[in-house]
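Chemist: Quick one: structure below, then a few questions.
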Amino acid sequence: MGVQRTVPVALNVDSDDAALLEDTVDTFLWSAQYVVDYAFKGEYVTTSKTTLDNETYNNVREKTDGFNGGLVQAARNKAAEACKSVVARWKNGKQASKPHFTSPHVVYDKRTATFHEDYVSLATTEGRVEADYVLPDENSDTPHSEYLFSDEYETTGAELHSRDGNWVLHVNCKTDVESDTSEQATTENGTVLGIDLGVNNLAVTSTGTFWTGDEFDHWRREYEKRRGSLQQCGTRWAHENSQSVGQKEEGRFKLMLHHISNELVAEARENGCSVIAFEDLTDIRERTGASWGHKWAFDRLYEYVEYKAEEYGIAVEQVDPENTSRRCSHCGFTHPDNRDSEDFECRKCGYVNHADYNAAKNIGLRYLRRNQTGGDGGALLGVRLNSGTVNVNGGYSPATNSGQNGSPR
């Protein structure tokens, strides 16, 4: 079984090389956009990488004065995946428009990036540049030592990102591990762990575990205040310190989200879950009133849970979130008045519980209805609660493990 990890590595880039990398970013984004524009020209959107390669590769190379062939293909892959995502949303009856690439980044593979012990060599619009890694203390236990410089992991590629003049390489590392048969046994014919995401509570599981958003909101406001004060100064010193504040903010939040993701995966393992179900994150800002910061946090949390769960053979999926906050997980009655802020009371059967907990159960039930078989072909038993399971028809089965305490159904 393959296990993947992504390790962010800051790079030390001099001004001349930075100019080349900036030109490479612009050319990469232009190339990806060219392919997307071509894909959307016909009556149907073209999503085949082979077709897009055959029909755009030479044109892109010509129009970019011979841009590196590997990077042209990486841009094509990026475009094809974006087109597939749009088509998938259309098939699900959702709105989606033609993608536009604006976030400054470049996708590298083994042909276009060479990773050395202290530095990386990157293809650009004019040959290659070499950039030294900016690493933490050698004695510290970091993802760099655990994955990037480990003999057990292979470096498969990376994404180069630029932000406020800083360059960070998100390196992809992969290893193959033997599946733990005892671990697999706990997830065969297992259960679904439903997870609801929100502003007041960052995550709530169908087992009744809550991760509040208080600490996240506190530090988000604190960092906004610090950046605002520095921006009022308008000096170069203030600008540099504002960038430093942004880096500290991102580092703090990533650490926080890694901690939550570890606990979510542990929750799934402890309860024998073979699937972790999230709501579709596409329009979560509109549904929850979340800020851009919250949306970033939701995306990162999902990403962290996805790759950490893979190590234990647990699938991570997204389901349609429509009415999961308004539907009664007990009787199925759906009505806007069922939910009032964080309180849920069914207008039909009288079921009362925390609204986010009710939504987490509904998310699990929606996955159960959509797909009644697990990855191994065995039928899933139901949605996991702390005190037992609830099946697709609402039938409740108490836990057989006497060590588990009851929780609100």
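The values are calculated or read from the model by the stated rules, or taken from the named source; none is laboratory data. Computed from a predicted structure; not experimentally measured. Methodologically, a virtual Cβ is constructed for each residue, glycine included, from the backbone with ideal geometry; neighbour enumeration extends over all protein chains shown.
Chemist: Being over 17 Å from Arg128 (Cβ atoms), surrounded by 15 or more Cβ atoms within 10 Å (Cβ to Cβ) and touching a His at 6+ places or on another chain (Cβ under 6 Å), is that true of even one residue in region 58-67?
Modeler: Taking every residue of region 58-67 in turn, none turns out to be over 17 Å from Arg128 (Cβ atoms), surrounded by 15 or more Cβ atoms within 10 Å (Cβ to Cβ) and touching a His at 6+ places or on another chain (Cβ under 6 Å).
Chemist: Using the structure shown, decide if Ser329 is among the polar types (S, T, N, Q), buried (at least 18 other Cβ atoms within 10 Å of the Cβ), in a strand (DSSP E or B) and modelled with pLDDT of 80 or more.
Modeler: Details: among the polar types (S, T, N, Q): yes; buried (at least 18 other Cβ atoms within 10 Å of the Cβ): yes; in a strand (DSSP E or B): no; modelled with pLDDT of 80 or more: yes.
So Ser329 does not fit the description; no.
Chemist: Next question, about the same structure. Consider region 67-109. How many of its residues are closer than 20 Å to Ala18 by Cα, over 20 Å from the mean Cα position of the chain (by Cα) and assigned to a loop (DSSP other than H, G, I, E, B)?
Modeler: Total meeting the criteria: 2.
Chemist: Looking at (1) at pLDDT 70 or above; (2) farther than 29 Å from Arg163 by Cβ; (3) not in a loop (DSSP other than H, G, I, E, B), can you tell me which one Gln184 breaks?
Modeler: Gln184 satisfies all of (1) at pLDDT 70 or above; (2) farther than 29 Å from Arg163 by Cβ; (3) not in a loop (DSSP other than H, G, I, E, B) except (1).
Chemist: Give me the pairs, please: first residue somewhere in region 366-390 and surrounded by 23 or more Cβ atoms within 10 Å (Cβ to Cβ), second residue anywhere and modelled with pLDDT under 75 and among the basic types (Lys, Arg), beta-carbon distance under 9 Å, and either six or more positions apart or on two chains.
Modeler: Qualifying pairs under 9 Å: Leu385/Arg409; Val390/Arg409.
Chemist: Looking at this structure, is Asp23 over 26 Å from the mean Cα position of the chain (by Cα) and in contact (Cβ under 8 Å) with a residue 12 or more places away in the chain?
Modeler: On the way: over 26 Å from the mean Cα position of the chain (by Cα): yes; in contact (Cβ under 8 Å) with a residue 12 or more places away in the chain: yes.
When the stated conditions are applied, Asp23 passes them.
Chemist: Here is a follow-up. Scan region 92-105 and tell me whether some residue there is closer than 14 Å to Asp37 by Cβ, among the hydrophobic types (A, V, I, L, M, F, W, C), at pLDDT below 90 and surrounded by 14 or more Cβ atoms within 10 Å (Cβ to Cβ). So that I can check it myself, show each step before the final result.
Modeler: Initially, region 92-105 is screened for residues closer than 14 Å to Asp37 by Cβ, giving 97-101.
Add one more test, that the residue is among the hydrophobic types (A, V, I, L, M, F, W, C), and what stays is 101.
Checking the rest, the ones that are also at pLDDT below 90 come to 101.
Among the residues that remain, those that are also surrounded by 14 or more Cβ atoms within 10 Å (Cβ to Cβ) are: 101.
There is at least one residue in region 92-105 that is closer than 14 Å to Asp37 by Cβ, among the hydrophobic types (A, V, I, L, M, F, W, C), at pLDDT below 90 and surrounded by 14 or more Cβ atoms within 10 Å (Cβ to Cβ).
Chemist: Can you find, within region 124-137, the residue that is surrounded by the most Cβ atoms within 10 Å (Cβ to Cβ) among those that are assigned to a strand (DSSP E or B) and under 27 Å from the mean Cα position of the chain (by Cα)?
Modeler: We begin by selecting, within region 124-137, every residue assigned to a strand (DSSP E or B); these are 128-134.
Still in the running and under 27 Å from the mean Cα position of the chain (by Cα): 133-134.
Numbers: Tyr133: 19, Val134: 13.
Taking the candidates together, the pick is Tyr133.
Chemist: Still on this structure, please answer the following. Considering each of Ala32, Ala39, Ala10, Ala19 in turn, give the residue that is within 30 Å of Ala315 (Cβ to Cβ) and either out of contact with any Cys (no Cβ under 6 Å at 6 or more places or on another chain) or of a type in the set (S, T, N, Q) (or both). Spell out how you get there, then give the answer.
Modeler: Numbers: Ala39 fails: either out of contact with any Cys (no Cβ under 6 Å at 6 or more places or on another chain) or of a type in the set (S, T, N, Q) (or both); Ala10 fails: within 30 Å of Ala315 (Cβ to Cβ); Ala19 fails: within 30 Å of Ala315 (Cβ to Cβ).
Checking each option against the conditions leaves just Ala32.
Chemist: Which residue, of Asp299, Asp337, is more than 22 Å from the chain's Cα centre (by Cα), part of a helix (DSSP H, G or I) and either at pLDDT 85 or above or surrounded by fewer than 20 Cβ atoms within 10 Å (Cβ to Cβ) (or both)?
Modeler: Details: Asp299 fails: more than 22 Å from the chain's Cα centre (by Cα).
Just one listed residue meets the conditions, Asp337.
Chemist: While we're on this one: Let me confirm something: among Lys84, Lys49, which residue is of a type in the set (Lys, Arg) and closer than 22 Å to Asp283 by Cβ?
Modeler: On the way: Lys49 fails: closer than 22 Å to Asp283 by Cβ.
Answer to the check: Lys84.
Chemist: Taking interchain pairs and intrachain pairs at least six residues apart, which have beta carbon atoms under 8 angstrom, with the first residue in region 291-320 and more than 19 Å from Ala360 (Cβ to Cβ) and assigned by TED's automatic domain parsing to the domain that holds Arg269 and the second modelled with pLDDT under 85 and small (Gly, Ala, Ser)?
Modeler: Correct list of pairs: Glu310/Gly2; Gly313/Ser179; Gly313/Gly375.
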